[in-house]
Amino acid sequence: MNAKRLFDILFSLIGIICMLPLWLLVMACLKLDSAGPVFYTQVRVGLNHKCFWLIKFRTMCTGADKKGLLTVGKDNRITAVGGWLRKYKVDELPQLINILKGEMSFVGPRPEVPHYVDMYNDGQRRVLSVKPGITDWASIRYIRENELLAGAEDPEAFYIQTVMPSKISQNLEYVDHHDLWTDCKIISYTIKNILIQ
């Protein structure tokens, strides 16, 4: 077992235990705010093209993903509590379970849905040679991605032609040059960017 995996196991366990009161509060707020399950799961593509169920706190009305995979601007599918959870990335916390299970890491390319991964070329598929993560350099750069997409004439085309290739390029840089120190820097920058929003 390498240092990265030990780091992931240790801190995902600590995070789940220490944040349990927050999780319970979020779950209660979600139940009071709107009808539907507390958690939202979606198939994402992980290491070596293996699919897994990514776990989040539900931030949209039930069935929202049937109306599109991208979140654009002030999406009316987002619930009142969901908007706050998304702003501070609290909706991502259940992915600590994905990390503990070994499906994800704290740092690594954000996992995409199969629909977009199917568009990758051979070179871009190298991002699947490492475990996906909760955060990466691209997540920091595109922390306001929904606002960026809202300004595009065709949000999905803009995502596919501009945003996705940019993210993949940064992720490939991570694939070629990453270590535990780099991971710690990405985590610290992520926390900083969330707090100063």
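Within region 142-157, residues that are touching a residue at least 12 places away in the same chain (Cβ under 8 Å) have Cβ atoms under 8 Å from residues that are surrounded by 14 or more Cβ atoms within 10 Å (Cβ to Cβ) and of a type in the set (Lys, Arg) in these pairs: 142/167, counting only partners at least 6 apart in sequence or on another chain.
Residues in region 140-197 that are of a type in the set (Asp, Glu), in a helix (DSSP H, G or I) and under 18 Å from residue 3 (Cα atoms): 176, 183. For region 131-159, filtered to residues that are of a type in the set (Asp, Glu) and touching a helix residue (DSSP H, G or I) at 6+ places or on another chain (Cβ under 8 Å), the residue that is surrounded by the most Cβ atoms within 10 Å (Cβ to Cβ) is 136.
Restricting 85, 96 to residues that are modelled with pLDDT of 95 or more and either assigned to a helix (DSSP H, G or I) or more than 27 Å from residue 39 (Cα to Cα) (or both) narrows the list to 96.
In this entry, residue 15 passes the filter for residues that are in a helix (DSSP H, G or I) and either modelled with pLDDT under 90 or under 17 Å from the mean Cα position of the chain (by Cα) (or both).
Does residue 142 count as of a type in the set (Ser, Thr, Tyr), modelled with pLDDT under 95 and under 22 Å from residue 173 (Cβ atoms)? For residue 142, the condition - of a type in the set (Ser, Thr, Tyr), modelled with pLDDT under 95 and under 22 Å from residue 173 (Cβ atoms) - is met. Regarding region 19-41, can at least one residue be identified that is part of a strand (DSSP E or B), hydroxyl-bearing (Ser, Thr, Tyr), more than 21 Å from residue 190 (Cα to Cα) and modelled with pLDDT of 90 or more? So far as region 19-41 goes, yes, one or more of its residues are part of a strand (DSSP E or B), hydroxyl-bearing (Ser, Thr, Tyr), more than 21 Å from residue 190 (Cα to Cα) and modelled with pLDDT of 90 or more. For residue 112, the conditions (1) assigned to a loop (DSSP other than H, G, I, E, B); (2) farther than 23 Å from residue 191 by Cα are fulfilled apart from (2). Return yes when residue 121 is without any contact (Cβ under 8 Å) to a residue 40 or more places away in the chain and over 29 Å from residue 7 (Cβ atoms) and no when it is not. When the stated conditions are applied, residue 121 passes them.
Checking each residue in region 1-10 for being farther than 12 Å from residue 95 by Cα and touching a residue at least 40 places away in the same chain (Cβ under 8 Å) picks out 3, 4, 5, 7, 9. Looking at region 115-127, can you tell me whether even one residue there is outside any loop (DSSP other than H, G, I, E, B) and within 23 Å of residue 10 (Cβ to Cβ)? Within region 115-127, none of the residues are outside any loop (DSSP other than H, G, I, E, B) and within 23 Å of residue 10 (Cβ to Cβ). Among the residues of region 63-79, at least one is assigned to a helix (DSSP H, G or I), among the aliphatic types (A, V, I, L, M), at pLDDT below 95 and surrounded by 15 or more Cβ atoms within 10 Å (Cβ to Cβ).
The values are calculated or read from the model by the stated rules, or taken from the named source; none is laboratory data. The structure displayed is predicted, hence computed values, not measured ones. Note: ideal-geometry Cβ built from the backbone for every residue, glycine included; neighbour counts use all protein chains shown.
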